[in-house]
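Accompanying notes for the structure given below.
The values are calculated or read from the model by the stated rules, or taken from the named source; none is laboratory data. Not measured: the values here are computed from a predicted model. Note that we place each Cβ from the backbone using ideal geometry, even for glycine, and neighbour counts take in every protein chain shown. These accessible areas exclude ligands, DNA and RNA; they are computed on the full protein's heavy atoms, side chains included. Shrake-Rupley method; radii C 1.70, N 1.55, O 1.52, S 1.80 Å.
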Amino acid sequence: MEPGPVILVTTRHRGIPNVMTNGFNMMVRHAPPLIACTIGPWDHRYRALVETGECVVSVPTADMAATVVDIGNCSGADVDKFEEFDLTAVPGEQVQAPLVAECFANIECRVADTSLVAPYSLFVLEPVRAWTDPSQPQPQLFHHRGDGTFTLDGPTIDLKDRMTKWQYLL
Ligand SMILES: Cc1cc2nc3c(=O)[nH]c(=O)nc-3n(C[C@H](O)[C@H](O)[C@H](O)COP(=O)(O)O)c2cc1C
């Protein structure tokens, strides 16, 4: 089974921005929208997320995959990852955590539920503002298979005409 696309999760803790790679995430609900991400206590970002209750989910495209893996192989405790990986931090509107300008989409989030953090390191996030880059109309996302291999998004098929019970989603 594959999770959602590989994402970057940014935070700002005591004024310092940080970014981590996250492969284990999923959509939880359409409306109001919720996203769930597994973020383990081994990550520097874990404490930032617990203490600030805010983050940005930044969605990179497949051409950024190697950099995204490198971001996931170091810690903000040791290195300024925005500087190290030439990422451009852009201020958000609703949260203190920065957007990543190089990413196709940026979703400002607030932590909505922490009841699954202790048993599963699973943060439930509520998007409060979303941005997409209009210069990337057909972004190719990628999914982590859990072992350093990745599946790239392929062609889209449109079966909206069969979604008879779910018209309100279309
Ligand atoms: C491809 C890839 C996927 C990863 N997925 C996750 C994940 O889903 N959850 C997690 O807690 N860490 C994940 N990591 C590890 C974190 O990105 C890594 O611990 C990161 O360095 C944490 O940075 P920080 O200490 O600055 O928070 C992943 C790493 C890679 C390379």
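Descriptive notes on the structure:
- Relative to the Cα centre, the charge distribution of the chain, modelled as +1 at Lys and Arg Cβ and -1 at Asp and Glu Cβ, gives a dipole magnitude of about 640 debye.
- Stretching ASP86 away from TYR120 to a fully extended chain increases their span by 9.0 nm, per 0.36 nm per residue minus the current alpha-carbon distance.
- Between GLN94 and ASP147, the modelled labels are 3.9 nm apart [label points 7 Å from Cα along Cα→Cβ].
- Here the gap between ARG14 and MET1, fully extended at 0.36 nm per residue and compared with their Cα-Cα distance, gives a gain of 1.0 nm.
- Accessible carbon and sulfur surface of the chain relative to its total accessible area, %, 1.4 Å: 54 percent
- Accessible surface for the chain, divided over its residues, is 59 Å² per residue with a 1.4 Å probe.
- Model label zone, ASP70; criterion: amide N under 17 Å from point 7 Å along Cα-to-beta-carbon; scope the stretch 85-100: 85-89
- Inverting the pair-averaged 1/r between distinct Cα atoms of the stretch 7-169 gives 16.5 Å as its Kirkwood hydrodynamic radius.
- GNM on the chain, alpha-carbon springs under 10 angstrom: the most fluctuating residue among GLY72, GLY40, GLY154 is GLY154.
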